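Each remark here refers to the structure printed beneath this line.
The values are calculated or read from the model by the stated rules, or taken from the named source; none is laboratory data. Since the model is a prediction, treat every value here as computed from it, not as a measurement. Cβ: placed from backbone, ideal geometry, glycine included. Neighbour counts: every protein chain shown.
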């Protein structure tokens, strides 16, 4: 816990990042050490890093209300009400709106 305090963690930050951790890695135990190790990757701005841009990570950020829209090739895409579509991307109202191949190049905003 001392390491979380060193990161400037508040109770709300820990809860938010812990929830995000569990959505990204549902089969990996979330320990304090794991949370510290991945703290920066779990930040609201982490989705801006291409290494964090898997469909599951993007969908987890949508669910956590960290992002609400994306811009791909100059086209704005609203992500409100979006659902995950496995490795294929993100769906909304039954339509694939954000392909996995587009995720690495998208600009996400809240």
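Of the residues in the stretch 81-99, at least one is modelled with pLDDT of 80 or more, surrounded by fewer than 16 Cβ atoms within 10 Å (Cβ to Cβ) and in contact with a helix residue (DSSP H, G or I) (Cβ under 7 Å, 6 or more places away or on another chain). Listed by position, the strands (runs of 3 or more DSSP E) enclosed by the stretch 53-110 that each have at least 3 residues that are without any contact (Cβ under 8 Å) to a residue 60 or more places away in the chain and in contact with a strand residue (DSSP E or B) (Cβ under 9 Å, 6 or more places away or on another chain) are 69-72, 75-78, 89-92, 95-99. Filtered by the rule that a residue be crowded, with 16+ Cβ neighbours inside 10 Å, assigned to a helix (DSSP H, G or I) and in contact (Cβ under 8 Å) with a residue 12 or more places away in the chain, the stretch 33-45 gives 35, 36, 42.
Being assigned to a loop (DSSP other than H, G, I, E, B), modelled with pLDDT of 85 or more and surrounded by 11 or more Cβ atoms within 10 Å (Cβ to Cβ) is a property that residue 30 has.
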